[in-house]
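Asks: Next up is a structure, given as structure tokens.
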Amino acid sequence: MLVKIAAAGVCHSDYHLVSGATKHPMPVVAGHEGAGIVQAVGPGVTDIRVGDHVILNWTPDCGKCFYCLRGKPNLCEAYIGPIWAGTISMARRG
């Protein structure tokens, strides 16, 4: 999905990446808070359409795992690894 960013935030987590305190494989796209408008979607994207307004958040959730089903999407089992590896590649409309 290609998103035209309209607003972005930089936080202390981003500073950790810059300072080297957080070890991520490089290259990595820093930043994890933003909002924008979907410009294009790729094959297999079914819930998001061009023109949708979206937010970008560092805590995605699958909506199906043990934690998500119990109201704790911040602990989502499906994305803990990708979050810290810098490889998150899913989007979900809330």
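The values are calculated or read from the model by the stated rules, or taken from the named source; none is laboratory data. The structure presented is a predicted model; accordingly, all values stated were derived computationally and were not measured. As a convention, Cβ positions derive from the backbone with ideal geometry for all residues, glycine included, and neighbour counts pool all protein chains shown. Only protein heavy atoms, including side chains, enter the accessible area calculation; ligands, DNA and RNA are left aside. Shrake-Rupley method; radii C 1.70, N 1.55, O 1.52, S 1.80 Å.
Asks: Under 6 Å between Cβ atoms, at least 6 apart or on separate chains: pull out the pairs that start in the range 1-26 with a residue that is within 18 Å of Ile55 (Cα to Cα) and polar (S, T, N, Q) and end on any residue that is open to solvent by 70 Å² or more (accessible area, probe 1.4 Å) and not in a strand (DSSP E or B).
Replies: none
Asks: Working only within the range 60-85, note down all residues that are of a type in the set (Asp, Glu) and either modelled with pLDDT of 90 or more or open to solvent by less than 50 Å² (accessible area, probe 1.4 Å) (or both).
Replies: Asp61
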